[in-house]
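Nothing in this text is a laboratory measurement; each read-out follows from the coordinates by a stated rule. Computed from a prediction, not measured in an experiment: that's the story for all the values here. Cβ coordinates were reconstructed from backbone atoms using ideal geometry, including for glycine residues, and neighbour counts include every protein chain displayed.
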């Protein structure tokens, strides 16, 4: 087992209970939480349902960065609720337009050695400043705000040893894409990535944050860098030097696995459609015609990234065949670019400047045209995530993106004929926190709840027998985007009955009933819906709606080869059994509409001896053994019908 690592030093300092044995459940204290508006509304409704008067954390921050379009009243209704409940519960509120939660938290609140739990899967961004920062469902974050510890399996630690330094035009984004090519997006559940080695010192905090941010795509619990002189320099520039503490692994630290990356050998990379681990060197796709470039997201919207972009664009012109859009990650970044003239350089080159928010990364605008290539500095390129069916989205570094925007085709930035830009960390960032509202500054503590905001739905206790019907059968790598689409539907997050109508919308065939309609028919017949999947079910976003909405529709179990950590926890929290095939070959026997009966489910779940009786349309039957990786506490929650019933 790994020892002497940064991971274990932070977790051990926050240990509450459990067994410090790899794979065993351990509970640890959470210092800070963050929410964003797409997941936060439900999290605070759940906090209210717990009858919590004030949050018990050192710091909790509610950010508004996702639902910014305000097409109709729903988004602004959510924002008003979030601001008012933050004031009432003792939470800092970041107003719309202040920036993306992960970029902002890194700038204004992140602190080495602290623990952070966020209702967004890219919360591990905080690992770039030396935090154990973990994404989770909103209910788990609400419990943390209530002072409850957070439970995970005591992790394996994958050590990534970095040597040398990046060559000109090669970027932190290329490092994490290189690692995704090694580890892929699946098979890493229960692990934390820790970076170490002499190459770490060559990376700034924004570069480290890019790497830890997109570590979420590896499927690991989180990723972390040590805290060193670069960390201190960043905190000093943010006016927060008092938050600094040195944090590094012991000289004799041991890791469960070590991967070595020579930074000098990292080349410009791209994640090709439609998975972040479908990586190729830019040299393999160079010359391909492109039509759109977007630079931004919580992965690549720092001052360092956008200063480079501005300097490259200065005095040049974006290709007339390309639209270039740029979204600064925070108001701090936007204002500094404005004051130093770099914003004018971007505009002068033909770039479109977007609001400081998540925007196109979650399908909120800027969808590409049919049959065109879009380059994005984002973290995910799942099929259809752009808002265009059959999209061709490639994930690249800002360096590759800006050079390609000038040439109108996929271009290795080393071949762009432009001298590489160097970034110097400013001695002092522009500090303007007037859009961060502290609860004590808000005199009105009345919670505002408009008509579009409903209470979190309650489940019933798990029945003794599951009289199930397979409502849908899906394949590998089903993401929470597949289950609960974002984009134009994101504004429905506070209205579960309405949002539930689009569960698995991407699989609806023209002229046939939707998943919601099939599930409703199953429920009306007094039976229970079951979802069947293959490997890596539920990867991607932390959105707990991918559990809440199926629960609302009557789903009692998900059966797959493997279910990703956050989604499995969300299923438990809302009383759905996350089950695994004991024999993967049994998957082939099952079809949509088949009957799956799980007798004596309550008792056999405790003993981990569940079996399902499969009954085909022709009356033939098969016995399918099932298993799970649930703790005793997980089982108790499921039996009760979810955390809100406990």
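Points worth noting:
- Modelled spin labels at residue 281 and residue 431, positioned 7 Å past Cα toward Cβ, are 4.6 nm from each other.
- Relative intensity, log₁₀ I(q)/I(0), of the chain from a Debye sum that treats every alpha carbon as a point, q = 0.05 Å⁻¹: -0.21
- Ranked by how many other beta carbons lie within 10 Å on average, peptides 233-243, 294-304 from highest: 294-304, 233-243
- The range 612-646 and the range 417-471: distance between their alpha carbon centers, rounded to Å: 32
- Prolate/oblate/rounded label for the range 86-143 (Cα gyration tensor, a/c 1.5): oblate
- For the range 294-347, the spread of Cα positions along the three principal axes, ordered from largest to smallest, is 30, 22, 14 Å.
- Between residue 622 and residue 501, the C-beta separation translates, for a Förster distance of 30 Å, into a calculated FRET efficiency of about 0.35.
- By average C-beta atoms within 10 angstrom, highest first, the peptides 7-19, 131-143: 131-143, 7-19
- Zone of residue 372's modelled label, taken as backbone nitrogen in the range 311-342 under 17 Å from a point 7 Å along Cα→Cβ: 318-326
- Shape category assigned to the range 100-190 from the gyration tensor of Cα positions, a/c cut at 1.5: prolate
- The mean sequence distance of close C-alpha pairs (under 8 Å, at least 6 residues apart), as a share of the length of the range 6-265, puts its relative contact order at 23 percent.
- With a Förster radius of 51 Å applied to the beta-carbon distance between residue 588 and residue 163, the computed FRET efficiency rounds to 0.65.
- Counting only DSSP beta bridges with both residues in the range 271-411, the antiparallel share comes to about 20 percent.
- Measuring nothing but how far apart in sequence close Cα pairs (under 8 Å, 6+ apart) lie, relative to its length, the chain scores a relative contact order of 14 percent.
- Using a simple spin-label model with pseudo-atoms 7 Å out from Cα toward Cβ, residue 599 and residue 250 lie 5.4 nm apart.
- Full-stretch length increase - residue 615, residue 446 - with 0.36 nm per residue and alpha-carbon distance subtracted: 55.4 nm
- Here the contact order of the range 251-400, divided by its residue count and restricted to Cα pairs under 8 Å and six or more residues apart, works out to 31 percent.
- Using 0.36 nm per residue and subtracting the Cα-Cα separation, the extra length available between residue 438 and residue 352 on full extension is 27.7 nm.
- Gyration tensor (alpha-carbon) shape descriptor, the range 501-646, a/c threshold 1.5: rounded
- Subtracting the Cα-Cα distance of residue 241 and residue 606 from 0.36 nm times their residue separation leaves 126.4 nm of extension gain.
- Each pair of Cα atoms in the range 6-265 enters the Kirkwood radius, and Stokes-Einstein at 20 °C and 1.002 mPa s then converts it into a translational diffusion coefficient of 115 µm²/s.
- P(r) weight above 24 Å for the range 271-411, C-alpha pairs, percent: 22
- Pairwise FRET efficiency - residue 21 versus residue 633, Cβ, R0 = 22 Å, nearest 0.05: 0.85
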